[in-house]
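A.B. asks: There's a structure below that I have some questions on.
The values are calculated or read from the model by the stated rules, or taken from the named source; none is laboratory data. Quick caveat: nothing in here was measured; it's all calculated off a predicted structure. Don't worry about glycine lacking a Cβ; one is built from the backbone with ideal geometry, like all the others, and counts go over all protein chains shown. Accessible surface areas use protein heavy atoms only, side chains included; no ligands, DNA or RNA. Shrake-Rupley method; radii C 1.70, N 1.55, O 1.52, S 1.80 Å.
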Amino acid sequence: MRIKRLLLASVLLNLVTVGMLSALAYWNGGIRYLGQRFGIVKATVPRQPFQVDWESRYRNCPRKPGDIVFAGDSITWGAPYGNFFGNIRNRGIGGETSIGLLGRIDEVARDEPGKIFLMIGSNDLARDHWTSDIVDNYRQMLVKIKAKAPRAMVYIQGIPPRNSADRTSARDVSGRVPEVNARLKSLAAEFGYTYIDLFPYLADERGQLRSEYSEDGLHLTWPGYLKLMEALAPYVGEVN
């Protein structure tokens, strides 16, 4: 009798587990969601109309050999590079992910830029993408840059610290940032590029984004951008 009860309990537990997984998959996009969560399917992110619009604008912007190009997500998009450094081309787009930047990296690297600064991955974490996916997308970007702009000096900026109180993400992903950055640092060394660690400039003693540098736990305030410019100055050139 006891064995039958255990078997019944096991069956019921399995049914509940399957039901929960099915509900989770349904609410998060079906079978593809489960595939992404278990690393079977690589995550994809549909392009938003405003992102497509900005890609088009960038393709038609003037540029010349030797330009310094910054590419990334909303933190790059909103950075006041031109107020601190000359010869800058900002190629940041809000909400950008590593797969999105990979799709437009040819435009970023065209016309022989002198330097390319990359900062991407924070939105991947907010979407719960796998670290291996982020690193693989980065690797493909660097391969393309090597082929298209072999003389460019390339700088991989670590993902900036996030705050546990981040209001832009449904879950706390601040603890994953150092893990991804460690992989990006190794990747930069593998390609012979420079890794820039932003944590000493933006993080508190707990490894969180300093509260005075952000209002939402992710995006930088003006004081935060001043610290970012301080971190980048040795690599970009003299401040104007």
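A.B. asks: For Leu102, what accessible area in Å² do you get when you roll a 1.4 Å probe over the heavy atoms of the protein chains, rounding to the nearest 10?
C.D. replies: Roughly 20 Å² of Leu102 is accessible to a 1.4 Å probe.
A.B. asks: Determine the shape class of the range 172-233: with a ≥ b ≥ c the square roots of the Cα gyration tensor eigenvalues, call it rounded for a/c under 1.5, and otherwise prolate if a/b is greater than b/c, oblate otherwise.
C.D. replies: Oblate.
A.B. asks: To the nearest 20 debye, what is the magnitude of the charge dipole of the range 51-206 about its Cα centre, counting +1 on the Cβ of each Lys and Arg and -1 on the Cβ of each Asp and Glu?
C.D. replies: Once rounded to the nearest 20, the dipole reads 460 debye.
A.B. asks: Let me ask you something else. Along the charge dipole of the range 117-240, pointing to its positive end and built from +1/-1 on Cβ of Lys, Arg, Asp and Glu, which listed residue (Asn163, Pro178, Leu218) has its Cα farthest out?
C.D. replies: Final value for the positive-end residue is Pro178.
A.B. asks: Take Tyr195, project a point 7 Å from its Cα along the Cβ direction, then tell me which residues of the range 126-154 have their backbone nitrogen under 15 Å from it.
C.D. replies: Of the residues in the range 126-154, 132, 135-136, 138-139 have backbone N under 15 Å from the label point off Tyr195.
A.B. asks: Calculated FRET efficiency, Asp128 and Arg151, Cβ-Cβ r, R0 35 Å, to nearest 0.05?
C.D. replies: With R0 = 35 Å, the Cβ-Cβ based efficiency is 0.40.
A.B. asks: Okay, next question. To the nearest 0.05, how large is the calculated FRET efficiency for Thr44 and Lys185 if R₀ is 22 Å and r is the Cβ-Cβ distance?
C.D. replies: 0.25
A.B. asks: Keeping all protein chains in place, calculate the accessible area per residue for the range 100-160 (probe 1.4 angstrom), answer in Å².
C.D. replies: Computed with neighbouring chains in place, this is 34 Å² per residue.
A.B. asks: Can you give me the C-alpha center-to-center distance between the range 166-240 and the range 50-106, rounded to a whole angstrom?
C.D. replies: Spelled out, the Cα-based centre of one part sits 18 Å from the other.
A.B. asks: Does the range 44-138 come out rounded, prolate or oblate, given a ≥ b ≥ c as the square roots of the eigenvalues of its C-alpha gyration tensor, rounded meaning a/c under 1.5 and, failing that, prolate meaning a/b above b/c?
C.D. replies: Note, shape of the range 44-138 comes out prolate.
A.B. asks: Just the accessible area for Arg139, please: 1.4 Å probe, Å², rounded to the nearest 10?
C.D. replies: Its accessible surface works out to 80 Å², give or take rounding.
A.B. asks: List every residue whose amide H lies under 5 Å from the amide H of Ser214, counting only residues 5 or more places away in sequence or on a different chain, with H placed 1.01 Å from N in the peptide plane.
C.D. replies: Thr221
A.B. asks: How far is it, in nm, from the label point at Asn87 to the one at Leu226 when both lie 7 Å from their Cα along the line to the Cβ?
C.D. replies: 2.8 nm
A.B. asks: For Lys146, give me every one of the lysines with a C-alpha distance below 26 angstrom, ignoring sequence neighbours fewer than eight places off in its own chain.
C.D. replies: Answer for Lys146, where 26 Å is the Cα cut-off: Lys42, Lys64, Lys115, Lys185, listed by chain and number.
A.B. asks: About the Cα centre of the range 172-240, how large is the charge dipole given +1 on each Lys and Arg Cβ and -1 on each Asp and Glu Cβ? Please answer in debye to the nearest 20.
C.D. replies: Once rounded to the nearest 20, the dipole reads 180 debye.
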